[in-house]
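The structure appears right after this line, and notes come after that.
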Amino acid sequence: SFVLWGTDGKARSKMAAADQGGSMIIWGPDGQPRAALGVTGEGGVMGVSGNDGRARAVMGVDADGGDLRVFGNDGRTRGVLSVEADVGVMGVAGQDGKPRVGVGVNADEGFVNVYGDDGRVRGAMGVGDGGGDVRVYGSDGVAHACLGVGSEGGMMYAQNTDGEVTTTLPRRGRPARV
């Protein structure tokens, strides 16, 4: 390993080698770690810390894909971006650390989910080659309203808390009237 010293006699950086890679760490003037980098045979990781030494962002890659995570001052995850072979997902959390928005894509479609305080999906939109839909969910986790379009046209429905469909468009074989 190799250590780089500051003029004040404090270690500022350390590099080390391993059979399949190596690592490096950089400290701030107060001795708190500020950045770290590691490399292995399959990929690597890099992290950046705040003045308090807590991780604020971590990025990693391996043979399957990559991942970026951003943390708040309290250490809770606030944002995630993850990509694998044919899937990509991004998520944003509130100050309480609970998920609030998720966005994703795969080979066939894309989606957006909006979450409530209880962590359940409250709104969702999905789009693919055949069409798409927008759904609004109740606290029971059931989609109570949906607006969609597909290869055979558009539709809309609403249902009550018992799961009974109360409104549909088009109306059972008749064109919708606006």
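Among the charged types (D, E, K, R), at pLDDT 95 or above and closer than 20 Å to Gly97 by Cβ: which single residue out of Arg76, Arg54, Arg69 fits that description? Outline the logic, then answer.
Details: Arg76 fails: at pLDDT 95 or above; Arg54 fails: at pLDDT 95 or above.
Residue meeting the stated conditions: Arg69.
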query: What are the residue pairs meeting all of these: first residue in the stretch 1-24, first residue within 27 Å of Gly43 (Cβ to Cβ) and surrounded by fewer than 14 Cβ atoms within 10 Å (Cβ to Cβ), second residue at pLDDT below 90 and not hydrophobic (A, V, I, L, M, F, W, C), Cβ atoms under 8 Å, and 6 or more apart or on different chains?
result: Ala16/Ser1; Ala17/Ser1; Ala18/Thr40; Gln20/Thr40; Gln20/Gly41
message: Out of the strands (runs of 3 or more DSSP E) lying entirely within the stretch 9-110, which hold 1 or more residues that are under 30 Å from Gly132 (Cβ atoms) and of a type in the set (S, T, N, Q)?
response: 77-84
task: Scan the stretch 146-159 for residues that are out of contact with any Gly (no Cβ under 9 Å at 6 or more places or on another chain) and among the aliphatic types (A, V, I, L, M) and jot them down.
output: Ala158
task: Filter the stretch 154-178 down to the residues that are open to solvent by 60 Å² or more (accessible area, probe 1.4 Å) and among the hydrophobic types (A, V, I, L, M, F, W, C), then identify the one that is modelled with the highest pLDDT.
output: Met156
query: Which ones in the stretch 130-153 are of a type in the set (Gly, Ala, Ser), at pLDDT 80 or above and either in contact with a His (Cβ under 8 Å, 6 or more places away or on another chain) or open to solvent by 50 Å² or more (accessible area, probe 1.4 Å) (or both)?
result: Gly130, Gly138, Ser139
query: Checking Gly65 against (1) surrounded by fewer than 16 Cβ atoms within 10 Å (Cβ to Cβ); (2) of a type in the set (Gly, Ala, Ser); (3) farther than 28 Å from Ala16 by Cβ, which test does it fail?
result: (3)
task: Tell me, yes or no, whether the stretch 35-48 has at least one residue that is of a type in the set (Val, Ile, Thr), open to solvent by less than 80 Å² (accessible area, probe 1.4 Å) and closer than 18 Å to Arg69 by Cβ.
output: yes
query: So is Met156 under 23 Å from the mean Cα position of the chain (by Cα), aliphatic (A, V, I, L, M) and assigned to a strand (DSSP E or B) or not?
result: no
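The values are calculated or read from the model by the stated rules, or taken from the named source; none is laboratory data. From a predicted model like this one, the values you see are computed outputs, not experimental measurements. Neighbour counts run over all protein chains shown; Cβ positions are idealised from the backbone, glycine included. Please note that ligands, DNA and RNA were not included when accessible areas were found on the heavy atoms of the full protein model with its side chains. Shrake-Rupley method; radii C 1.70, N 1.55, O 1.52, S 1.80 Å.
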